[in-house]
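As structure tokens, the structure follows; a few thoughts come after it.
Any read-out appearing in this document is the output of simple, stated calculations on the displayed coordinates, not a laboratory observation. It should be emphasised that the depicted structure is a prediction, and the values quoted were computed from it without experimental measurement. For neighbour counting, all protein chains shown are included, and Cβ atoms are generated from backbone atoms with ideal geometry for every residue, glycine included.
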Amino acid sequence: MHFQKDRPRTVIVLLLCLLPFAAIAQPYPSRTVRIISPFPPGGGNDSVARFLALKLPQQMGGAFVVENRAGSGGLIGADLVAKAAPDGHTLLVTSPEFAINPNMRSKMPYDTFRAFAFISQLSSGQFMLSCHPSLPARNARELIALAKARPGQINYGTSGSGGINHLAGELLQSMAGIKWVHVPYKGAAPALVAAISGEAECAFSSTTAAVGHVKAGRMRAMAVTSNKRYAELPDVPTIEESGVPGYNVTGWYGFYAPAGTPQDIVKRLHEESRRALASPDVSEKLLKAGNEPVGSSPAAFAAFVRAEYDKWAKVIKTAGLRID
């Protein structure tokens, strides 16, 4: 009799007990997923993030949107993700600056290797070292010889201090035994424009940004930075081929979630992002933009970022660079 009287209350208690299990059982994604791009719209990072945001809903359902949270070399957007709820609904796509920033800055708002779940390396690209045609050097080998003959007299422009293309120049200085001058600009486009006009003598820029100017004769390609030649300009050597053994600088984009994100969600995001990268529409867009799809495992990606961190730590220390 007492059970019959208390039956409504018993049912309510049972339903409340089952609520956590119902939440766990919700499909992923259960609401809009934000992909944070910590750089301004229109750049390479933004493009890669948008390729994913367009493809993943076709494969997984739900909605994926890109939010640009630019500032401090990618720190602002990355910090937002580091402190987001670890439920797979706030993700990060970012560039090599992710591995560079901890070495360039004395204070970081997050621990690079503890604040994130590593999902996958999305793509790998390279940069082109090109110079104004008035500079008396036809390739990187001749440029290095010229820089040795004129220490401190040749300059190169980049998108800013502490970025990957700046460090590409610092690494060349260290490995080739030259001394040249870095000129930071407010973005990759202004740096390239400065080199085209002759304001800067050389520039490190993406291959896709430079190739049209090289073909038109406005710039002269010296070399590419990775250990593989650029298909659009197959006659342009790598810097390694130009007498600097072991030189290799790649531009890459990675995919992250906040630390503590359930492993089944990380695994699914890895599988689905890899599937997206392998699809003809996404892979063709990446290749056209000068990026090769990668799709590495979470463990391989974490190891890759650690290697990049260690590599740039040495370059930054040798060059005495710091941003505070």
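Computed on the Cα atoms alone, the convex hull of segment 127-242 gives a volume of 86 cubic angstrom per residue. For segment 63-193, the ratio of Cα radius of gyration to the globular rule of thumb 2.2 N^0.38 Å stands at 1.30.
Kindly express, to the nearest 10 degrees and within the range 0 to 90, the angle between helix 44-60's C-alpha long axis and the longest C-alpha principal axis of the chain. Once rounded, one gets 30 degrees.
Find me the longest stretch of the chain that has none of the exposed trypsin sites (Lys or Arg not before Pro), where exposed means in a DSSP loop (not H, G, I, E or B) with at most 14 other Cβ atoms within 10 Å.
229-321
Couplings for segment 273-286, taken from phi via the Karplus curve 6.51 cos²θ - 1.76 cosθ + 1.60 with θ = phi - 60°, read 5, 5, 5, 5, 5, 7, 5, x, 5, 6, 4, 5, 5, 5 Hz in order; Gly and Pro are left as x.
To the nearest 20 Debye, how big is the dipole of segment 198-324 about its Cα centre, given +1 on the beta carbon of each Lys and Arg and -1 on that of each Asp and Glu?
120
Please list, or write none, the lysines whose alpha carbon is within less than 22 Å of the alpha carbon of Lys311, excluding same-chain residues fewer than 8 places away. In chain and number order, the partners are Lys107, Lys179, Lys228. Magnitude of the charge dipole for the chain, about its Cα centre and with charges confined to Cβ atoms of Lys, Arg (+1) and Asp, Glu (-1), is about 360 debye. Across the chain, Cα-Cα distances exceeding 25 Å account for 53% of all pairs. Relative to the longest principal axis of the Cα atoms of the chain, the long axis of helix 298-319 lies at roughly 40 degrees. Couplings for segment 217-225, taken from phi via the Karplus curve 6.51 cos²θ - 1.76 cosθ + 1.60 with θ = phi - 60°, read x, 6, 9, 10, 6, 8, 5, 10, 8 Hz in order; Gly and Pro are left as x. Shape of segment 203-257 from the C-alpha gyration tensor: oblate (a/c of 1.5 or more and a/b not above b/c, with a ≥ b ≥ c the square roots of its eigenvalues).
The calculated Kirkwood hydrodynamic radius for segment 52-97 is 11.8 Å, given to one decimal from all distinct C-alpha pairs.
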